[in-house]
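Okay, structure first, notes after.
The values are calculated or read from the model by the stated rules, or taken from the named source; none is laboratory data. Because the structure is a prediction, the values reported are computed rather than measured. Glycine also receives a Cβ, built like all others from the backbone with ideal geometry; neighbour counts cover every protein chain displayed.
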Amino acid sequence: MVVSWYSVALLAATALGASIGPSDKQIVEKSFCGKVWITIHSPTLRLIGKSDIVDAIELNWDFSTCATIPTQIGLFMNKPTSWDNGLIVYPVETLEGYHITHVSLGEESLVGWDYGAGLRGPQCLWPYVAAGDHNNIQVINCLKIQPTWMEDNGDKINKLRIGELAVPGTHNAGAWRFDTEISTVSRDLFVLCQDRSIWAQLVYGIRYFDFRIAYYDFYPNVEDRYWLNHNLIRVRPLVPLLREIKSFLDSTKEVVFLDAHHFPVGFYEHDGAPIRSVHAGLLELVQRELGSHLALATQFSTGAGTRGPTIQSLVDADKRLVFSYVDNSVVAENSWLWPILPQLWANTNSPTKLLEYLDNAISTSPQPSARSPMFSAMAQTTPNVLDILLLRGSLRHNADAVNRNVTTRLRTLWRQRSNIVASDFFLANDVIDLSIEISVERSTRL
Ligand SMILES: *[C@@H]1O[C@H](CO)[C@@H](O)[C@H](O)[C@H]1NC(C)=O
């Protein structure tokens, strides 16, 4: 029987008269076997004769470890206490599975964390899920924010080195809504990979950002020239995103990993030589906006082939931003930068090939002499030119075709060796909660 950490805490609290363990408010998940969880459907649901539903709520379950299998699962508005309060209840007929409800999440409130720091600890947003038999509710969970999960679990995970941690990340993190002179579009087919702001991603629990930065010299102000792109397409200006990361670091004790991983426009000459002044301008902006939080590689690096500093050492020094840079010639001249962080990228539009590639790549990572202490599994498919020309599918459909499998893989095959797992539309998988669970599990094995 698998019992989650929360249920152990709950049992302990009950047995000892609630004198220890988290307060009732912090118990956001409870399980005596198996697990239920909420995800958000990434494609728009189109139903015949009805209006479209965005952000449809999905109910997921895995009862493969249960001696007696729950017979029903339901969606709840508030903490589930009785089936009478269920909004919808479905029978459960398989050990593992999911239901896509026709209920939209709606405008979510980040419960006190919308514009700044709120209470510490995991907190539920409105959709709750519960499962059990006709009489009893046996397992509950909710869509939750995890704004301070590293601090909450610090007594355990602070012992881990950054390369030993399981880190939830986002691919192309800045491509979440257009903010250009001509567009504020928030849903499209092939450019936007996310739909929550950088601040909201942090509040949900994302700690690794894959950034694609471009430079456009037609803006008079230098700081306006740096943009977050998806390949050749400009999405949002960079500086406001750096400020969101800064205000998060200012108001928490969390560690954030920022990866400048691709420079699609303006950083290189035609012959491939880096344009020094453009790279230098970016580094100046990062130092200006985030300098007080930067963990300098010169100070914290532990050398090639090692797993890097412990979380504890970063927290103690209050240097909690690890900034990796993809160009080693620039790193060579700016030794405070962390060297290129290997991204395990399958470059395929096939879900089967993506998963096979990642199974193999994660099992053989990190390379024995890797310069970076970290590596990132890029858990999304990549459309090819024809897919885009023929408008075959969309990034939202592609994410839908792999995100459930990514959850399953991280729970099983990738569990022992993964480091960062970076996905598209992260609310459609369970990578955040699983990464926290796996990090805690790894720390108890040290
Ligand atoms: C993803 O998971 C589903 C359900 O477990 C399975 O049927 C499907 O084959 C998996 N897809 C791939 C590409 O492995």
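Points to keep in mind about this one:
- Single residue of V185, V203 found to be part of a helix (DSSP H, G or I), of a type in the set (A, V, I, L, M, F, W, C) and either under 11 Å from the mean Cα position of the chain (by Cα) or at pLDDT below 90 (or both): V203
- Whichever residue in segment 366-392 is of a type in the set (G, A, S) and surrounded by 19 or more Cβ atoms within 10 Å (Cβ to Cβ) and, among such residues, is nearest to F426 (Cα to Cα): A379
- The number of residues in segment 393-426 that are aliphatic (A, V, I, L, M), buried (at least 21 other Cβ atoms within 10 Å of the Cβ) and outside any helix (DSSP H, G or I) comes to 3.
- Of residues in segment 345-359 being hydroxyl-bearing (S, T, Y) and under 19 Å from L395 (Cα atoms), the one farthest from the ligand (Cβ to nearest atom): T348
- Condition met for G112 (free of Cβ contacts under 8 Å to residues at least 60 places away in the same chain and at positive phi): yes
- Single condition W199 does not satisfy, out of (1) among the hydrophobic types (A, V, I, L, M, F, W, C); (2) out of contact with any strand residue (DSSP E or B) (no Cβ under 6 Å at 6 or more places or on another chain); (3) farther than 30 Å from G121 by Cβ: (3)
- Criterion: over 16 Å from the mean Cα position of the chain (by Cα), in the same structural domain as E93 (by TED's automatic domain parsing) and not β-branched (V, I, T) - qualifying residue of A214, A131: A131
- Total residues in segment 374-420 satisfying the condition of being in contact with a Cys (Cβ under 8 Å, 6 or more places away or on another chain), farther than 30 Å from R442 by Cα and within 16 Å of the ligand (Cβ to nearest atom): the figure is 0.
- G118, sole failed condition from (1) assigned by TED's automatic domain parsing to the domain that holds R411; (2) in a loop (DSSP other than H, G, I, E, B); (3) free of Cβ contacts under 8 Å to residues at least 40 places away in the same chain: (1)
- Residues (surrounded by fewer than 19 Cβ atoms within 10 Å (Cβ to Cβ) and assigned to a loop (DSSP other than H, G, I, E, B)) located in segment 132-151: D133, H134, N135, N136
- Residue in segment 92-113 that is at pLDDT 95 or above, in contact with a Leu (Cβ under 6 Å, 6 or more places away or on another chain), hydrophobic (A, V, I, L, M, F, W, C) and farther than 16 Å from S31 by Cβ present: no
- Look at (1) of a type in the set (A, V, I, L, M); (2) within 29 Å of L395 (Cα to Cα); (3) within 16 Å of the ligand (Cβ to nearest atom) and you find that V92 fails only one, number (2).
- Selection count where residues are over 21 Å from W227 (Cβ atoms), among the hydrophobic types (A, V, I, L, M, F, W, C) and more than 26 Å from the chain's Cα centre (by Cα), scope segment 253-307: 2
- Within segment 330-369, tally of residues that are assigned to a helix (DSSP H, G or I) and either among the hydrophobic types (A, V, I, L, M, F, W, C) or out of contact with any helix residue (DSSP H, G or I) (no Cβ under 9 Å at 6 or more places or on another chain) (or both): 14
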